[in-house]
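Down below is the structure, laid out as structure tokens.
The values are calculated or read from the model by the stated rules, or taken from the named source; none is laboratory data. It should be emphasised that the depicted structure is a prediction, and the values quoted were computed from it without experimental measurement. Neighbour counts run over all protein chains shown; Cβ positions are idealised from the backbone, glycine included.
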Amino acid sequence: MLNFQNELDVSPFSGLYDILVKEDHLLRKLTNLVDFSFIVNEVKDNYCLDDGRNAIDPVQLFKYLLLKVIYDLSDRDLVSRAFTDLSFKYFLGLAPEDNVIHPTTLTKFRRLRLKNEDFLDQLISKSIE
């Protein structure tokens with residue numbers, strides 16, 4: 001079901017991002033320059049609107065895949081790094097203490113929501129326009 005929390009939880013640890021993720025860091029720049037909200041409209045037809053559990057935000061899942069491409073990581077390595085790397089958590093919109101997804105979630109997202117490889121390439125191209 002496409003119903004997810006779209007706002008960052010207030011965390012007493014969010015100030016860590018200002019200290020540890022510098023203004024000139026690539027992921028901070030991407031966060032500030034690119035509006036990823038178009039992703040929801042692009043993939044919403046691949047979600048059931050009223051059945052099942054609430055979905056993980058497709059924007060966040062797309063950002064995981066973008067990190068995977070930028071840093072050339074496997075799904076497992078990506079999730080492991082996202083657990084410990086605050087720049088990744090900042091980019092993903094997670095609070096420092098938040099848990100990350102399970103690696104199989106990315107496989108399911110690619111298989112069920114993106115459905116073909118060209119679609120992911122189109123989304124990446126659209127995000128850098």
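Structure values in brief
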read-out	value
Meets criteria (more than 17 Å from the chain's Cα centre (by Cα), touching a residue at least 12 places away in the same chain (Cβ under 8 Å) and within 25 Å of T107 (Cβ to Cβ)) for D57	no
Check on L61, within 24 Å of L112 (Cα to Cα) and modelled with pLDDT of 95 or more	no
Failed item in (1) in contact (Cβ under 8 Å) with a residue 24 or more places away in the chain; (2) under 15 Å from the mean Cα position of the chain (by Cα); (3) under 25 Å from E97 (Cβ atoms); (4) not in a loop (DSSP other than H, G, I, E, B), with F36 passing the rest	(4)
Residue list for the range 89-106, filter: charged (D, E, K, R) and more than 13 Å from the chain's Cα centre (by Cα)	E97, D98
Residue in the range 43-62 that is surrounded by 15 or more Cβ atoms within 10 Å (Cβ to Cβ) and under 19 Å from V21 (Cα atoms) present	yes
The range 80-107 residues that are touching a residue at least 60 places away in the same chain (Cβ under 8 Å) and in a helix (DSSP H, G or I), paired with ones that are among the polar types (S, T, N, Q) and surrounded by 16 or more Cβ atoms within 10 Å (Cβ to Cβ) (beta carbon under 6 Å, 6 or more apart)	F91/T31
